[in-house]
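Written out below as structure tokens is the structure these notes cover.
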Number of protein chains: 2
Amino acid sequence: MRTLAGSLRKEHVNQEVTLKGWVQKRRDLGEIIFIDLRDRSGVVQIVFNAENSKETHAIGDSVRSEYVIEVKGKVVERDGETVNPKIDTGDIEIIVSDINVLNEAKTPPFTLTDDIDISEEIRLKYRYLDLRREVMQETFKLRHQATQSIRGFLNNEAFLEMETPMLTKSTPEGARDYLVPSRVHEGYFYALPQSPQLFKQLLMVAGFEKYYQFARCFRDEDLRADRQPEFTQIDIETSFMSMDDILEMTERMMKKVMKDVKGLDIETPFHRMPYDEAMERFGSDKPDVRFDMELVNLSEIVKESGFKVFRQAVENGGKVSAINLKGKADDYSRKDLDNMTDFAKIYGAKGLAWLKVEEEALVGPIAKFFSEEEQAQFRSMLDANAGDLLFFVADKKQVVFDTLGALRMKLAKDHDLIDESKFAFLWITNWPLLEYDEEEGRYHAAHHPFTMPFEADFDKLDTNPGEVRAQAYDLVLNGYELGGGSLRIYQREMQNQMFEKLGFTKEEAESQFGFLLEALEYGAPPHGGIALGFDRFIMLLAGRTNLRDTILFPKTASASDPMTDAPSSVSTKQLNELHLKLK
Amino acid sequence: MRTLAGSLRKEHVNQEVTLKGWVQKRRDLGEIIFIDLRDRSGVVQIVFNAENSKETHAIGDSVRSEYVIEVKGKVVERDGETVNPKIDTGDIEIIVSDINVLNEAKTPPFTLTDDIDISEEIRLKYRYLDLRREVMQETFKLRHQATQSIRGFLNNEAFLEMETPMLTKSTPEGARDYLVPSRVHEGYFYALPQSPQLFKQLLMVAGFEKYYQFARCFRDEDLRADRQPEFTQIDIETSFMSMDDILEMTERMMKKVMKDVKGLDIETPFHRMPYDEAMERFGSDKPDVRFDMELVNLSEIVKESGFKVFRQAVENGGKVSAINLKGKADDYSRKDLDNMTDFAKIYGAKGLAWLKVEEEALVGPIAKFFSEEEQAQFRSMLDANAGDLLFFVADKKQVVFDTLGALRMKLAKDHDLIDESKFAFLWITNWPLLEYDEEEGRYHAAHHPFTMPFEADFDKLDTNPGEVRAQAYDLVLNGYELGGGSLRIYQREMQNQMFEKLGFTKEEAESQFGFLLEALEYGAPPHGGIALGFDRFIMLLAGRTNLRDTILFPKTASASDPMTDAPSSVSTKQLNELHLKLK
């Protein structure tokens, strides 16, 4: 019987054990060789003593890092001074009586420690080695625990885990599909699902009432650090539940997983913040509320001020807001502050105004434009004290929000204002149902075209579509959108109306979503749900910053896998069978 | 608060409840209307009485089958004679005081009962209605239970649930891949995985030791009743475990799921039958052992007999075997028996000989060729008594096995010899490692090229590859292959040798499997695993005969979905982005 290395303690002293695992580290003191033997449970020190057996010692002498070995030996207590309190097994060691080399190993291309400094390309090429590092092992154990915790919760709530298809139909709405050519149907393609949205709604029509799935989803979009071509979402749909029911249930789920995985008691209910308020106060629809530095709307104060830039912004229907970086005025030279205009420009702002707060006055190039009374109002509204630094943006509403929202995050990171041990959950509610696309001159669904408006807003669908609010909600954690959901439209008439608003012709709606529209005619129950990005959630739980560290075999930014070399060329025979030619 | 319809019992009498669900059935007795209200938990009878409220009665009068309604009412005990013992809620009914129609429903295109007789095409087109039928609801509840039971077992055994990629690399070995064109890498393709085989092996190299996944797999092959383009397998891989360990663990897993899902105590260990024995006794590598009718090898007896056909079959290196259909001789006319030759021909046999057993003699066209002594031996070896019917095939070994194996199954079904309540598990072991492909003049891997041979057979790899046995095993249930696995090759040298035997050039091996070969050089542990077809397992557990009844949204035999119309045409823009042209 094999014993796990990491399980050995003082109480096992004098036991004969068999261990199997990897050579983590080897210290050769001549007659005595120490090896740290690693397996999935941890590490234990094993000792080869030439006095006991020359043969065993010789083999111990020949093994190298990452060799796979099997050893038999006796557990002995370590001498006081050699106890290693850094590892769980540090009170004991194993005196090896027999060793068997199961497999050899070349020297790995990088050291398998937590703090490595090599390119991600190399890490991904040798992913099977990268994954041996303790931080990676821990991340995927955590991922497993989170998976089971969530499943346990949902099973307990009488949800059924159900599998929806991967070979589905392409729809032009939303992101770009990954396509799969059909061999049997010449010129036709399947699409890999961007989400199981339609299938989960159909499962509600089918009467299952409570569905969940850890669903693999696909989007063929250009990648960023927090995007992958395939990702996993916790996909949930229910019938006959209100928005409150769904939010409350999700909160209990989060409470459980935070307790199970992190040992933390988080407070519920989560604060619910309307979309407009989130934008107004944080300049973001996924605010990080672990720190303050909120946006303050100064439009009323500056609309008749002597500063034309501010005055005109308000006159033109825009606004002026500011944030207060407390106590850091001295950290910035005038040149530093001028340079920050470049940052503001990324978000479309024409400029970034600033004022340093001194005991007596506000100081900076724009100070002269404001009366004493206006300056006093700045101080009071921004809670400004000597040493503070104020940043102002005057522009269209969205630009003000985007710029100050991003600046707020940048300053918090630069000055280490965020308590990284905190997990701050937040609901964003009252989303706009539709967004006007100036380029295309039509409305787009802000979430997706199956989202239910608030009943009170039904009338506005015709008169003022931009003001209709959706029964939709996003769950935000530490400034990341964990996911979101909505109640869905469940009556054909309203779904028709929605497609019309979105500029679909009857034929387009029919050809793309005819089956859903038809399903709504056969007794569709009121339903809704939520989908949470599981990879991102794990990233936050594990305290990582790169989504790729939470996925076993991720793709690079160019959507390739340096290990297997996927994607790769295929044979002409394969292409012929699929009725395809390369262009 | 909503109450579930199926949960109501006598003890709830006098309670006021709110129910939400579907109108299953409606009986209109004028002043009184009875409706069977269905939700996910079951059915309850609700009563509209015009005496109580004309308004409510009028709405009750207006609803039709599959309308979605919300009702409030009081639970009352039914009169003795109206108690319905067929349903769990049959002791009570609900006197409705209020009703709200949540959604209307057109008349479904077929009745939503268990015994429907409509084309599968229509069932799949309206899958959301088909799934409302009780038998389908029960199947997917069972699937959920089995999923959780298996997960529970594996979690408890310290396995980690891990997700391997769907966008992988195409390899020419094995079945045909589904391909996914890359937008970023012109002319390149991903492949959807036929199984996570290589990734799970790499997870062992990465040191995780215990992996599992309910893995979606894809094969672009022509479909049969028990094949789907995408299917789910329980995918398991372990390090440092012996074949015995893996078999024993799988048996415990099966024992648990059979108990959890079916309430059955099945016996373990499962019988282990070498491949050769399975072929010899049952003519199949996945024998149904719920009944006997075993093949009996008569070669020794007939090799010098007067029947040239039999004698020559043995002389040419083939064999003669027979099965005994007990007590059914009178069911078959001579013409019936002659017609069965057509069945035998499907499996490549030139003919099917038969003899009826009478008290005094064996009777049939070939009886005259056999001496009394030979006939006595037939009787004794086949345990033949008056009324039995014997079938003989004389041919090459494989043809004899295939024909009699198939005939054995057909006869068992025709004569209802199988106890359908039984679950007969069986291991098939000692598989050939390699199969010679006469057409291509080379060996193929019988399982896959990573399968480990038995150590005792290592030498034969060079001298007699066809005789090398693999450390591989299949799990058979009721005549179906549930799945299988093997120990894997974990040393580069042997893997090189294996690719060589399979006719790979060094370059081919390198370009297709270079990453695996390289991984084996960095301390790969001994490892192995198993993969079980989950859809098929559910089919057997649920007592269904069609794999499509165990998959929520399956494809038709031509790999299409009549509901969504997938696959479908895509836009030229989409094709252009993928650098593709239709031929």
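Laboratory data are not the source of any read-out in this text; all were calculated from the coordinates shown. Just so it is clear, the structure is predicted and the values come from calculations on it, not from any experiment. Using ideal geometry, Cβ is built from the backbone for each residue, glycine included, and neighbour counts are taken over all protein chains shown.
In whole Å, what are the Cα extents of region A:291-418 along the three principal axes, biggest one first?
Result, largest extent first: 37, 34, 26 Å.
On the first, second and third principal axes, largest extent first, how far apart are the outermost C-alpha atoms of region B:1-131 in Å?
Sorted from largest, the Cα extents of region B:1-131 read 46, 30, 30 Å.
Can you give the percent of C-alpha pairs in chain B whose distance is more than 35 Å? Could you put the intermediate results ahead of the total?
Details: 94012 of 169653 pairs.
The proportion of pairs with Cα distances above 35 Å equals 55 percent.
Taking the Cα centre as origin and putting +1 on Lys and Arg beta-carbons and -1 on Asp and Glu beta-carbons, what dipole magnitude results for region B:170-273, to the nearest 20 debye? List each step's numbers first, then the result.
Working: 14 positive and 18 negative charges, 53 e Å.
Its charge dipole is roughly 260 debye.
Can you tell me the length gained on complete extension of the stretch A:ARG252 to A:GLU439, counting 0.36 nm per residue apart and subtracting the Cα distance? Working shown, then result.
Details: separation 187, 0.36 × 187 = 67.32 nm, distance 4.21 nm.
Working it through step by step, the gained length comes to 63.1 nm.
Once you have all Cα-Cα distances for the protein assembly as shown, histogram them in 20 Å bins from zero and send the whole-percent values.
Each 20 Å bin holds this share of Cα pairs: 10, 32, 34, 19, 4, 1, 0.
What lysines sit close enough to B:LYS583 to cross-link, taking a C-alpha to C-alpha distance under 18 Å and skipping anything fewer than 8 places away on the same chain?
Here the lysines satisfying the reach criterion relative to B:LYS583 are A:LYS573, A:LYS581, A:LYS583, B:LYS573.
May I ask you to sort A:TRP22, A:TRP431 by Cβ crowding, counting other Cβ atoms within 10 Å and putting the fewest first?
Details: A:TRP22 26, A:TRP431 21.
Ranked by crowding around the Cβ, least crowded first: A:TRP431, A:TRP22.
Hey, got the dipole for the protein assembly as shown? About the Cα centre, +1 on K and R Cβ, -1 on D and E Cβ, debye to the nearest 20?
Working: 150 positive and 202 negative charges, 169 e Å.
The dipole magnitude comes to about 820 debye.
Over the Cα atoms of region A:107-189, what Rg and Dmax result, in angstrom?
Expressed in Å, the Cα Rg and Dmax of region A:107-189 come to 20.4, 52.
Tell me which chymotrypsin sites (Phe, Trp or Tyr not before Pro) from region B:496-571 have a DSSP coil assignment and no more than 12 other beta carbons within 10 Å of their own. Intermediate results must be reported in sequence, preceding the final value.
Details: sites: B:PHE499, B:PHE504, B:PHE513, B:PHE515, B:TYR522, B:PHE534, B:PHE537; in loops: B:PHE504.
Taking region B:496-571 and a limit of 12 other Cβ atoms within 10 Å, no loop chymotrypsin sites (Phe, Trp or Tyr not before Pro) are found.
According to a simple spin-label model (label point 7 Å from Cα along Cα-to-Cβ), what is the distance in nm between A:LYS74 and B:ASP117?
8.0 nm
Remind me, relative contact order of region A:291-418 in percent, using alpha carbon pairs under 8 angstrom and six or more residues apart? Write down the numbers at each step before the final one.
On the way: 208 pairs, mean separation 45.7, N = 128.
Relative contact order comes out at 36 percent.
Stretched out fully, how many nm does the piece from B:GLU359 to B:GLU138 gain, at 0.36 nm a residue minus the Cα gap? Intermediate results must be reported in sequence, preceding the final value.
Numbers: separation 221, 0.36 × 221 = 79.56 nm, distance 5.10 nm.
Extending this stretch completely gives an extra 74.5 nm.
Shape of region B:362-458 from its Cα gyration tensor (a ≥ b ≥ c, root eigenvalues): rounded if a/c is under 1.5, otherwise prolate when a/b > b/c, or oblate?
Working: a/c = 2.53, a/b = 1.69, b/c = 1.49.
In terms of gyration-tensor shape, prolate.
Any of A:LYS141/A:LYS259; A:LYS303/A:LYS356; A:LYS106/B:LYS501; A:LYS141/B:LYS259 with alpha carbons more than 18 Å apart? Name them for me.
On the way: A:LYS141/A:LYS259 15 Å; A:LYS303/A:LYS356 21 Å; A:LYS106/B:LYS501 26 Å; A:LYS141/B:LYS259 29 Å.
Beyond 18 Å between Cα atoms: A:LYS303/A:LYS356; A:LYS106/B:LYS501; A:LYS141/B:LYS259.
Given a Förster distance of 41 angstrom, what is the FRET efficiency for A:GLU455 paired with B:ASN546, based on the Cβ-Cβ distance and rounded to 0.05?
On the way: r = 44 Å, r/R0 = 1.06.
Working from the Cβ atoms, E equals 0.40.
Just to be sure I understand the model, the point goes 7 Å from the Cα along the line to the Cβ. What's the resulting A:GLU221 to B:ILE346 distance in nm?
5.2 nm
How long is the gain from A:GLN491 to A:LEU517 if the chain were fully straight, where each residue apart is worth 0.36 nm and the alpha carbon distance is subtracted? The partial results should precede the final answer.
Values: separation 26, 0.36 × 26 = 9.36 nm, distance 0.85 nm.
My answer for the length gained is 8.5 nm.
Taking 7 Å along the Cα-to-C-beta vector as the label spot, tell me the A:ARG272-B:LYS410 distance in nanometres, rounded to one decimal.
6.7 nm
Compare the Cα positions of A:ILE92, A:ASN52, A:LEU4 along the charge dipole of region A:1-123 (+1 at Cβ of Lys, Arg; -1 at Cβ of Asp, Glu; about the Cα centre) and return the one farthest towards the positive end.
Result: A:LEU4.
If I take R0 = 60 Å and measure r between the Cβ atoms of A:THR572 and A:HIS448 in this structure, what FRET efficiency does the formula 1/(1 + (r/R0)^6) give, to the nearest 0.05? Walk me through the intermediate numbers first.
Working: r = 40 Å, r/R0 = 0.66.
That gives a FRET efficiency of 0.90.
Using unit Cβ charges (K, R positive; D, E negative) and no other charged atoms, how large, in debye to the nearest 20, is the dipole of region B:5-103 about its Cα centre? Don't skip to the answer; put the middle values down first.
Working: 14 positive and 18 negative charges, 68 e Å.
Charge dipole, region B:5-103, about its Cα centre: 320 debye, nearest 20.
Go through B:SER41, B:TYR67, B:TRP22 and say which Cα lies farthest out towards the positive end of the charge dipole of region B:5-70; charges sit on Cβ, +1 for Lys and Arg, -1 for Asp and Glu.
B:SER41
Using +1 at the C-beta of Lys and Arg and -1 at the C-beta of Asp and Glu, which of B:TYR490, B:LEU532, B:LEU516 has the Cα lying farthest in the positive direction of the dipole of region B:481-554?
B:LEU532
Output, in nm with one decimal and in ascending order, the distances from the A:SER242 label point to the matching label points of the other copies (7 Å from Cα along Cα-to-Cβ).
List, nearest first: 6.3 nm.
For label points placed 7 Å from Cα toward Cβ, what is the shortest-first list of nm distances from A:LYS506 to its copies?
Ordered by increasing distance: 7.0 nm.
Students often get this wrong, so check it: of A:LYS262/A:LYS413; A:LYS200/B:LYS125; A:LYS256/A:LYS410, which have C-alpha atoms separated by over 27 Å?
On the way: A:LYS262/A:LYS413 24 Å; A:LYS200/B:LYS125 16 Å; A:LYS256/A:LYS410 32 Å.
In this structure, A:LYS256/A:LYS410 lie more than 27 Å apart at Cα.
Could you work out the relative contact order of chain B? I mean the mean sequence separation of Cα pairs under 8 Å and 6+ apart, divided by the number of residues, in percent. Working shown, then result.
Working: 1080 pairs, mean separation 76.3, N = 583.
Value for chain B: 13 percent.
Considering only DSSP beta bridges where both residues belong to the protein assembly as shown, give the percentage that are antiparallel (nearest 5). Intermediate values should be presented prior to the final figure.
Details: 189 of 207 bridges.
Here the antiparallel bridges make up roughly 90 percent for the protein assembly as shown.
At a 10 Å Cβ-Cβ cut-off, how would you order A:SER284, A:SER321, A:SER299, fewest neighbours first? Let's see the in-between values first.
On the way: A:SER284 21, A:SER321 24, A:SER299 17.
Result, fewest neighbours first: A:SER299, A:SER284, A:SER321.
Counting other beta carbons within 10 Å of each Cβ, put B:TYR211, A:TYR212 in order, fewest first.
Numbers: B:TYR211 29, A:TYR212 25.
By the 10 Å Cβ count, ascending: A:TYR212, B:TYR211.
Restricting to DSSP loop positions (anything but H, G, I, E, B) with no more than 15 other Cβ atoms inside 10 Å of their own Cβ, which GluC sites (Glu not before Pro) remain in region B:395-485?
B:GLU420, B:GLU438, B:GLU439, B:GLU440
So if I take the centroid of the Cα atoms in region B:241-265 and the same for region A:474-550, what is the distance between those two points in Å?
Cα centroid of region B:241-265 versus Cα centroid of region A:474-550: 39 Å apart.
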